[in-house]
Every structure is written in structure tokens, then in C-alpha cells.
Amino acid sequence: MNLVFLGPPGAGKGTIAKLLKEELNIAHISTGDLFRDNIKRETELGKRVKEILASGALVPDEVTIAMVDSRLKEDDAKGGYILDGFPRTVAQADALENMSSVDAVINFCLADEEILKRLSGRRVCKSTGRTYHIIYNPPKVEGIDDETGEALIQRDDDKEEAIKHRLEVYQTSTAPLIDYYTEKGLIIDLDCSGKPEDITRTLVEKLRK
Ligand code: AP5
Ligand code: MG
């Protein structure tokens with residue numbers, strides 16, 4: 001099954017993708033994670049996009065499309081995938097049509113005030129990308145990753161100014177994709193206000209139908 005996760009920053013796309021990936025045994029491809037991995041490894045791509053991610057703006061379409069095109073050609077993506085955070089513009093959605101056929105687009109629905117709480121409380125382990133929340137999903141020891149023992153950090157784009165910018169970018173560039181995919185009959189709305197396990201179960205039921 002080929003799925004697209006569409007939704008505002010902080011709605012829980014990454015969290016649900018990790019659970020659903022186990023359930024369906026398909027690949028989880030997060031463009032944000034791919035960019036952050038390149039930044040960490042200081043690749044040419046990473047150097048090019050570092051400031052863009054920190055500001056909360058979008059990476060140019062041609063760069064993002066090329067990265068996804070090559071990722072979708074890897075073996076694990078052939079048995080199905082979750083595209084988490086791609087497409088984010090109409091140009092990216094048009095490009096995806098030429099790369100692969102999508103079975104459903106999950107529209108993550110969550111109120112703005114909850115989005116702000118989730119983003120401002122998120123903490124991550126830099127080396128593994130494991131995600132926590134200071135209230136909703138705290139580590140066993142405050143500020144420390146459960147498995148590696150490393151200090152948790154706040155993502156650069158989870159600071160107040162960048163959060164504001166990301167939400168604006170979502171409204172202007174990405175939200176139009178809801179209509180785009182509704183017209184194609186692919187949209188499945190998902191209420192993301194509950195517990196991750198419950199949201200995932202609801203999603204699996206919706207996909208079965
Ligand atoms: P990306 O990494 O995709 O960021 P995003 O879309 O802003 O989404 P997030 O990862 O912030 O949130 P999420 O929905 O995954 O939520 P999460 O599960 O972590 O992109 C980053 C940047 O990369 C972009 O700004 C852009 O610069 C660039 N980029 C990426 N894709 C691009 C593209 N296609 N084109 C151009 N540029 C691109 O959850 C958030 C928090 O809430 C966590 O703390 C979590 O523990 C908690 N939480 C999650 N679910 C629940 C729940 N049900 N209940 C309580 N807490 C919860
Ligand atoms: Mg994410």
C-alpha cells in the first residue's frame with residue numbers, strides 16, 4: 001500500500017508513521033528525517049538545506065523531488081510506503097504522479113492550539129531521531145534518551161519564530177493539496193486528537209474499508 005501523510009507540522013505524522021509501518025510492514029519515508037540526516041552527516045545536500053530547515057521554510061521543489069525520486073527506487077519502498085511530509089506543494093504532487101501511484105492520502109486533522117503544545121514540548125535524540133514530548137511522552141529520565149543515554153535537544157525549527165513560519169507555510173503551500181487530493185478521491189480525514197495507538201487503530205480500520 002502506498003500512502004501519503006499530509007498534515008500540519010506537529011500533528012503527529014512521524015509518530016503515527018512509526019506505529020503504522022510496523023502494522024503494515026511498509027517503508028516509512030520522511031523527507032524531514034532525510035534532510036536532517038544529511039545535515040547531521042554534513043553532506044552537500046545537508047549544507048545546502050541547513051538554514052532553510054532552521055527557518056521553517058520549504059526546501060526548493062527540484063531538490064526535494066530529486067531526493068524522493070531516488071528514495072522511492074530503493075528496494076524497501078517497492079513493497080509499499082508511507083510518504084511522511086511529501087508532497088508539500090502542488091508541483092511536488094504533480095511530480096509524484098509520474099513517480100508512483102498513491103492509494104490514499106491521510107489528512108491529519110488537529111486544532112492549532114494542540115499543534116503548538118505538541119511542537120513546543122517535543123524533544124529529540126539527535127543521533128537516532130527518536131522523538132519524545134515533555135508531557136505526553138516523556139523519557140524515563142528527564143532530558144535523557146531512554147536507549148542511548150544522550151541529552152535530548154529541541155529541534156531548531158521548534159523554536160517559536162520557526163513554528164509560526166512553518167504554520168504559515170503549511171497554510172499557503174501545503175493545505176491546497178487537501179482539495180487537490182479530494183478531487184482525485186484519495187483523501188481520508190483522520191482526527192489526531194487522541195492517543196497515538198488509538199489513532200493508528202482507527203487509521204488501520206479506515207484503510208481496510
Ligand atoms: P518535517 O520534519 O516533515 O516537519 P513537519 O511537517 O513540520 O512535521 P513535524 O515532523 O514537525 O511533525 P509531525 O507531524 O511528524 O509530528 P510528530 O510525530 O513529531 O519537515 C521539516 C522541514 O524539512 C520543513 O520545515 C522543510 O524545511 C523541510 N521539508 C520536509 N519535507 C519537505 C518537502 N516535501 N518540501 C520542502 N521542504 C521539506 O509529533 C510532534 C510532537 O507531538 C512529538 O513530541 C510527539 O511525541 C507528540 N505527539 C505526537 N502524536 C501525539 C498524540 N497523539 N498525542 C500526544 N502527543 C503526540
Ligand atoms: Mg515528523
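Which residues, taken from region 136-156, are surrounded by 14 or more Cβ atoms within 10 Å (Cβ to Cβ) and hydroxyl-bearing (Ser, Thr, Tyr)?
Hit for region 136-156 is Tyr136, nothing else.
So if I check each of Ala17, Ala11, Ala57, which one is under 10 Å from the mean Cα position of the chain (by Cα), part of a loop (DSSP other than H, G, I, E, B) and in contact (Cβ under 8 Å) with a residue 24 or more places away in the chain?
Ala11
Considering (1) farther than 18 Å from Leu177 by Cα; (2) of a type in the set (Val, Ile, Thr); (3) within 13 Å of the chain's Cα centre (by Cα), say which one Val49 fails and leave the rest.
Failing condition for Val49: (3).
Any idea how many residues of region 172-209 are under 16 Å from Leu96 (Cβ atoms), free of Cβ contacts under 8 Å to residues at least 24 places away in the same chain and within 10 Å of ligand 1 (Cβ to nearest atom)?
Total meeting the criteria: 0.
Which ones in region 32-79 are among the hydroxyl-bearing types (Ser, Thr, Tyr), touching a helix residue (DSSP H, G or I) at 6+ places or on another chain (Cβ under 9 Å) and more than 16 Å from Asp156 (Cα to Cα)?
Listed by number, the residues that qualify are Thr43, Thr64.
With of a type in the set (Asp, Glu) and farther than 21 Å from Ala54 by Cα as the only criterion, which of Glu168, Glu150 stands out? First the steps, then the outcome.
Numbers: Glu168 fails: farther than 21 Å from Ala54 by Cα.
Step by step, each of Glu168, Glu150 is checked, and only Glu150 is of a type in the set (Asp, Glu) and farther than 21 Å from Ala54 by Cα.
Rule-based calculations on the coordinates, nothing more; no lab input. Not measured: the values here are computed from a predicted model. A quick note on method: Cβ atoms are made from the backbone with ideal geometry, for glycine too, and the neighbour counts reach across all protein chains shown.
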